[in-house]
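Read-outs: derived from the displayed coordinates by stated rules, not from any lab. Worth saying up front: this structure is predicted, and the values here are computed from it rather than measured. Cβ atoms come from the backbone with ideal geometry, glycine included; neighbour counts cover every protein chain shown.
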Amino acid sequence: MVVDMEAVKTVTTYNVPKWNASGDWFDVCNCNIPCPCIFAQTPSYGYCEGVMAYHIKKGLYGETSLDGLNVLILDYFKGNIWAGETKLDIALFFDEKANEEQRKALNMIFTGKAGGFMGLFANIIGEVRGLEYAPIKFEVAENLAYWSAEIPGKVIAKAEALTGPMTPPGKRVQTINAPGSEVGPGTVATWGTAVSDQVDAPDVRFQWKRSGRSSKHIPFDWTGP
């Protein structure tokens, strides 16, 4: 997918305020390590399903602060999504601690209505199976040794940084400028191994339990509209 910022601008409307959001993103999925999707290739088993978690460290939507809020997306697709073969089925979970104005802002940004990178990303979304507010716990180690997100009783996504005999102590296994980055161009992905990838959300048709598959952490920095 080529990021055409002029195309992104066309999805915005005159009443969307200037906004920015930056923070941590990670996923856990069913693909082998490393997940081929980030290289714009077909998933390991022909389909990909997983959890995408977002933590906004700093964010402002007009005058509304988004600092400290979390978003979690369950997703599924079959085929190479970056080649235009398919679309993404998702369920959205927004942080229940967000107030009314913050909830409106999260909805606008993460459904693509507020433009920016997510305005472009929305073009590959197919079915939205559900949208709800939930308590979301999010944690990322400062040294990227691990990352995790949880919706109690529904989602547990935890990973540890990938390492091996040729990895220097304290260093991380990373990919620069990945062609299939889920949070935009020019990113650095840090690879991990999912130690827990459990979803029990039958109401939105997402259920699985596994470990030992692919995970990656990528910081994001978006602006809009």
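With a cut-off of at most 14 other beta carbons within 10 Å, and DSSP calling the residue loop, which trypsin sites (Lys or Arg not before Pro) in segment 103-183 qualify? Please list them. Intermediate results must be reported in sequence, preceding the final value.
Details: sites: Arg103, Lys104, Lys113, Arg129, Lys137, Lys154, Lys158, Lys171, Arg172; in loops: Lys113, Lys154, Lys171, Arg172.
Counting only loop positions with at most 14 other Cβ atoms within 10 Å, the trypsin sites (Lys or Arg not before Pro) in segment 103-183 are Lys171.
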Pairwise centroid distance, computed over Cα atoms, of segment 63-89 with segment 149-180, Å: 18
Express in nm, to one decimal, how much length is gained between Leu131 and Asn143 on full extension, taking 0.36 nm for each residue of separation and deducting their alpha carbon distance. 1.1 nm
With unit charges on the beta carbon (Lys/Arg positive, Asp/Glu negative), name the residue among Ile125, Ile81, Ser211 whose Cα is farthest towards the positive pole of the charge dipole of the chain. Ser211
If one compares the long axis through the Cα atoms of helix 100-110 with the longest principal axis of the Cα atoms of the chain, the angle in degrees, nearest 10, works out at 60
Run down the aspartates and glutamates and flag those whose C-alpha is under 18 Å from the C-alpha of Lys209, throwing out any fewer than 8 positions away in its chain. Asp27, Glu49, Asp75, Glu150, Glu160, Asp197, Asp200
Computed about the Cα centre, the charge dipole of the chain from +1 Lys/Arg and -1 Asp/Glu charges at the Cβ has a magnitude in debye, to the nearest 20, of 280
Sequence-separation-based contact order of the chain, relative, with Cα cut under 8 Å and 6+ spacing, percent: 25
How much space per residue, in cubic angstrom, does the convex hull of the C-alpha atoms of segment 21-219 take up? 110
For the pair Lys87 and Glu63, the simple spin-label estimate (label points 7 Å beyond Cα toward Cβ) gives in nm 3.7
Simple spin-label model, 7 Å along Cα-to-Cβ: Ile176 to Glu96 in nm? 4.3
Full-extension gain between Ala40 and Asp203, please, as 0.36 nm times their residue separation minus the C-alpha to C-alpha distance. 55.7 nm
